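Everything below concerns the one structure shown next.
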Amino acid sequence: MFRKSLVITLSIVLVLCFLLVGVSSGMSREDKKALLLVAFGTSYEDASSAIKNVFELAKKEFPELEVRLAYASSMVRKALEKKGQKIDGPVTALAKLVDEGFNKVAVQPLFVIPGITYDYVASVCQAFSAMKDIYGRPVFEELYLGRPLLEHPSDYEEVVQALQEIFAPTLSKEGTALVLMGHGSEHSGGAAYSMLYLMLQKEFGESVFLGTVEGFPSFEDVVTKLEAQKVKKVVLAPFMLVAGDHALNDLAGEHSDSWKVQLKQRGFLVSTVLKGLGEYDAFARIFVERAKEVVEKL
């Protein structure tokens, strides 16, 4: 009887030791993979269709993953909360994935350039990469951050091709110029707008121009070029993920400072296309391809 009890006791001890060794050595957990899309965000309902388009395309592309969305801007999130809409920020979204047992996560930013907001998301990912659970294991076995729309030289070629596909009818009209409005940035990543402008000029000559709200090239830089080329008609369009506040007010607003009004005052015939990049499948596909690059690392 004593010998039987001893055998049972030793068996239990051995099992417990095995489990403890497994835990302390980081025994692999069952894989639960997720893709987190992070947009700056918008409080304009119509403009949010651009983000939804990318989100729905990503869900179709990655049916095996849990696909979620976060807004990086706390200001936008607070504005939406007042309207009864709750969207998580990157920190909360990743914390929820931890709590729900997801151990392999790809984070894809829906940003145009690697600027201030991209750096913020990168710092959040770094913090979670360093975080441990109660057993001393990383909370995420794998956590990868994707790249924005414009980073590698080949990215610019993709963008130029997408613009050609979307605005071909406009570009075929003699005497008409397409003017794109980018956000701009004081961050070093803002140099991406200058590189894109050079690529556009190389591809389309003096029929496509790019200016920014906050940076270089400026609106005045664009106007100087338009007047020098004796352009008569101008089509304005946002070069942003969503056609939100900047598109509706700075680009196409009726106040004296908007690009549309200022161009009209200088004698140009002006029309506007108020669609964010995400509303075009050509650009939604590019963002999903960026996500595919990082998902394949999982």
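One residue stands out among those in the stretch 134-155 that are of a type in the set (Gly, Ala, Ser) and either assigned to a helix (DSSP H, G or I) or open to solvent by less than 10 Å² (accessible area, probe 1.4 Å) (or both): the one that is farthest from ASN103 (Cα to Cα), which is SER154. Taking the residues in the stretch 71-114 that are within 21 Å of ARG137 (Cα to Cα) and within 17 Å of the chain's Cα centre (by Cα) as candidates, determine which candidate is surrounded by the most Cβ atoms within 10 Å (Cβ to Cβ). Filtering the stretch 71-114 for residues that are within 21 Å of ARG137 (Cα to Cα) and within 17 Å of the chain's Cα centre (by Cα), the one surrounded by the most Cβ atoms within 10 Å (Cβ to Cβ) comes out as VAL105. Just one of the numbered conditions (1) of a type in the set (A, V, I, L, M); (2) open to solvent by 10 Å² or more (accessible area, probe 1.4 Å); (3) over 26 Å from the mean Cα position of the chain (by Cα) is not true of MET131: (3). Considering only residues in the stretch 158-191 that are of a type in the set (Val, Ile, Thr) and not in a helix (DSSP H, G or I), the one that is surrounded by the most Cβ atoms within 10 Å (Cβ to Cβ) turns out to be VAL179. Scanning the stretch 30-68 for residues that are under 20 Å from ASP99 (Cα atoms) and either open to solvent by less than 50 Å² (accessible area, probe 1.4 Å) or part of a loop (DSSP other than H, G, I, E, B) (or both) turns up GLU30, ASP31, LYS32, ALA34, LEU35, LEU36, LEU37, VAL38, GLU64, LEU65, VAL67.
Of the helices (runs of 4 or more DSSP H) lying entirely inside the stretch 209-298, not one contains at least 3 residues that are of a type in the set (Phe, Trp, Tyr) and touching a strand residue (DSSP E or B) at 6+ places or on another chain (Cβ under 6 Å).
To keep it simple, each residue is scored yes or no on (1) exposed (fewer than 15 other Cβ atoms within 10 Å of the Cβ); (2) more than 27 Å from VAL288 (Cβ to Cβ).
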| site | (1), (2) |
| --- | --- |
| VAL208 | no, no |
| GLU214 | yes, yes |
| LEU226 | no, yes |
| LEU241 | no, no |
| LEU248 | no, no |
| SER256 | yes, yes |
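Within the stretch 203-221, residues that are among the charged types (D, E, K, R) have Cβ atoms under 6 Å from residues that are surrounded by 19 or more Cβ atoms within 10 Å (Cβ to Cβ) in these pairs: GLU214/GLY184, counting only partners at least 6 apart in sequence or on another chain.
Restricting attention to the stretch 86-107, does a residue exist that is of a type in the set (Lys, Arg) and within 27 Å of GLY276 (Cα to Cα)? Yes, some residue in the stretch 86-107 is of a type in the set (Lys, Arg) and within 27 Å of GLY276 (Cα to Cα). For the criterion of being among the acidic types (Asp, Glu) and touching a residue at least 24 places away in the same chain (Cβ under 8 Å), GLU289 fails.
The values are calculated or read from the model by the stated rules, or taken from the named source; none is laboratory data. Keep in mind it's a predicted model, so treat the numbers as computed, not measured. Heads up, the Cβs are rebuilt from the backbone with ideal geometry, glycines too, and the neighbour counts pull from every protein chain shown. These accessible areas exclude ligands, DNA and RNA; they are computed on the full protein's heavy atoms, side chains included. Shrake-Rupley method; radii C 1.70, N 1.55, O 1.52, S 1.80 Å.
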